[in-house]
Amino acid sequence: MPGIGRVRMALTKLANEPSVKGNEDIKKALIKALYTEIRAARIAGHSWNKVREAILADVSIRLSEQALVRYFAEVDKEYEERTGVKALPMRVSQIRRKKAVGRPRKIKDEACTDV
């Protein structure tokens with residue numbers, strides 16, 4: 001079959017490179033490795049967007065600001081449990097999870113039925 005060699009080479013190349021999209025383990029490991037620097041930047045007053053831009057300047061990975069905040073909060077809690085140093089205060093809106101997808105349910109209102 002012609003072309004099968006090129007397909008095998010392309011698939012082997014894909015297998016050797018981790019995907020940059022959606023790989024949660026790589027993103028969390030990156031945040032864990034940069035934890036002290038991120039914490040210092042936040043204490044110095046820099047925004048999450050500035051921190052994210054600094055990370056993405058040299059690393060080819062897709063990382064949203066909300067994912068950065070969520071992973072940092074997880075690592076910060078682990079650090080607090082391990083060392084006793086208080087975690088940085090986070091607003092609940094910063095750590096929000098993904099929204100439910102789909103249509104909202106209809107509200108059944110029995111008082112509005114016509115007789």
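Each reported figure results from applying straightforward, stated rules to the coordinates on display, with no laboratory input. Predicted, not measured: the structure shown is a model, and the values here were computed from it. When we count neighbours, we look across all protein chains shown, and the Cβ atoms used for this are built from the backbone with ideal geometry, even at glycine.
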- Each residue of the stretch 48-61 in order: what ³J(HN,Hα) in whole Hz does its phi give by Karplus 6.51 cos²θ - 1.76 cosθ + 1.60, θ = phi - 60°, with x for Gly and Pro? 5, 5, 5, 4, 4, 4, 5, 5, 6, 5, 10, 10, 8, 9
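Taking the Cα centre as origin and putting +1 on Lys and Arg beta-carbons and -1 on Asp and Glu beta-carbons, what dipole magnitude results for the stretch 18-91, to the nearest 20 debye?
160 debye
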